[in-house]
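Written below as structure tokens is the structure these notes are about.
The values are calculated or read from the model by the stated rules, or taken from the named source; none is laboratory data. What you see is a predicted model, and the numbers here were worked out from it, not measured in a lab. Cβ: placed from backbone, ideal geometry, glycine included. Neighbour counts: every protein chain shown.
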């Protein structure tokens, strides 16, 4: 049940919720047509059902179906009580908990509360799609509708003025998941397994959503621009931005990198009742790499790199809009996919900068070299991040983090140089 004070969502959003959560239930017209078909042709019904059972893999769905909004609560209540100490890894399903602030069809802000299994029925071997010798990939076997569950969608205007509405919703969600973790969810047609136990690994989302979910006091909007004695800090995972901890230090000896991490909240979130790592409570709120890189940091870097090429006269003549259109047309001919626009533009810029640096004046070279080094570092960082398997080994994680820190160091250097030249395209 939605918290008190929540307004009903639009018909389009409600229909999307029903399709996302109860995808196995066919539309009303299909059900009516199916009933008519059973009446007219009863002999074909038996053959069709037999074929379907023969083709279908063992079901991992709970024994009881429930309406979308009450699904996990009813499942948890239908499970007999069992001790949490008897939980085994064989029957445990790691779950990634996502929160997003998205725009609806009328540009209204929605809070999306889905969860998805990290491991479902296995993975498609990478050699089948890319020819790589690695055995695992991020692509799940089977339909993604069977591994993603939508708990609720909430209009932002319902909780912006009354925070209790959002907190009550998170409390209800946490109660459901905690109960499923302790009691398990019954499954059928799986030999040797009668229950699965969802284990929440992390709450992942964009930073505005994480700030609301964790009731964080240190986040990206708390940068102190004045001479305050006790700045709050800009990161919930470290002390960056606090006094004596400059957030724009990106070398291995940065103070925030080796300091302790006090709790980033004054009042715990309702999500704190979910079983999680007691030694890293702040780490439960995981930063989404896609939102940070594609939508913010790398996107800004790529845009500034393109504008710098235009300022240095490397994109030909004509008006600014004409030069930009010419550049993007060339980039699309080189390689283009809308879902990876930032990644492909960064790769294209690396090759473009390499050609310019091979034959340019010393003055232009001094400006472009720093930007080029940043492009090399960020492309290595994103390529390594996206080409790794689901579980990244510790030494590979260290190598990837080194490339990420190198990119931020070059980004900071480019911003400082722009500040000295009074150029605003590299504002950091």
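The number of residues in segment 239-261 being over 24 Å from residue 374 (Cα atoms) and crowded, with 16+ Cβ neighbours inside 10 Å comes to 3.
Residues are listed down the side, and each one gets a yes or a no for (1) out of contact with any helix residue (DSSP H, G or I) (no Cβ under 7 Å at 6 or more places or on another chain); (2) closer than 17 Å to residue 300 by Cα:
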position	(1), (2)
315	no, no
322	yes, no
348	no, yes
355	yes, no
370	no, yes
375	no, yes
378	no, yes
385	no, no
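Residues 315, 368: which one is in contact (Cβ under 8 Å) with a residue 40 or more places away in the chain and within 25 Å of residue 413 (Cβ to Cβ)? None of the others qualify; the one that does is 368.
Please go through segment 279-332 and pick out each residue that is part of a loop (DSSP other than H, G, I, E, B) and under 26 Å from residue 206 (Cβ atoms).
Of all residues in segment 279-332, those part of a loop (DSSP other than H, G, I, E, B) come to 279-281, 288, 312-319.
Listed by number, the residues that qualify are 279, 280, 281, 288.
Here is a check on your reading of the model: is residue 266 at pLDDT below 90 and assigned to a loop (DSSP other than H, G, I, E, B)? No: the conditions fail for residue 266.
Check segment 347-357 and report whether any residue there is modelled with pLDDT under 90 and either surrounded by 15 or more Cβ atoms within 10 Å (Cβ to Cβ) or part of a loop (DSSP other than H, G, I, E, B) (or both).
Residues of segment 347-357 modelled with pLDDT under 90: none.
No, there is no match, as no residue in segment 347-357 is modelled with pLDDT under 90 and either surrounded by 15 or more Cβ atoms within 10 Å (Cβ to Cβ) or part of a loop (DSSP other than H, G, I, E, B) (or both).
Against the definition (assigned to a helix (DSSP H, G or I), surrounded by 17 or more Cβ atoms within 10 Å (Cβ to Cβ) and touching a helix residue (DSSP H, G or I) at 6+ places or on another chain (Cβ under 9 Å)), how does residue 271 come out, yes or no? Don't jump to the end; show me each part of the working.
Details: assigned to a helix (DSSP H, G or I): yes; surrounded by 17 or more Cβ atoms within 10 Å (Cβ to Cβ): yes; touching a helix residue (DSSP H, G or I) at 6+ places or on another chain (Cβ under 9 Å): yes.
Criteria met by residue 271.
The single condition from (1) crowded, with 16+ Cβ neighbours inside 10 Å; (2) outside the structural domain of residue 343 (by TED's automatic domain parsing) that residue 283 fails is (1). From the set of residues in segment 236-259 that are within 26 Å of the chain's Cα centre (by Cα) and without any contact (Cβ under 8 Å) to a residue 24 or more places away in the chain, which is nearest to residue 179 (Cα to Cα)? In this case the residue turns out to be 238.
Conditions tested, residue by residue: (1) within 15 Å of residue 212 (Cα to Cα); (2) part of a loop (DSSP other than H, G, I, E, B); (3) touching a strand residue (DSSP E or B) at 6+ places or on another chain (Cβ under 7 Å).
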{"site": "164", "(1), (2), (3)": "yes, no, no"}
{"site": "182", "(1), (2), (3)": "no, no, no"}
{"site": "188", "(1), (2), (3)": "no, yes, no"}
{"site": "196", "(1), (2), (3)": "no, no, yes"}
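Scanning segment 327-335 turns up no residue that is exposed (fewer than 14 other Cβ atoms within 10 Å of the Cβ) and within 25 Å of residue 250 (Cβ to Cβ).
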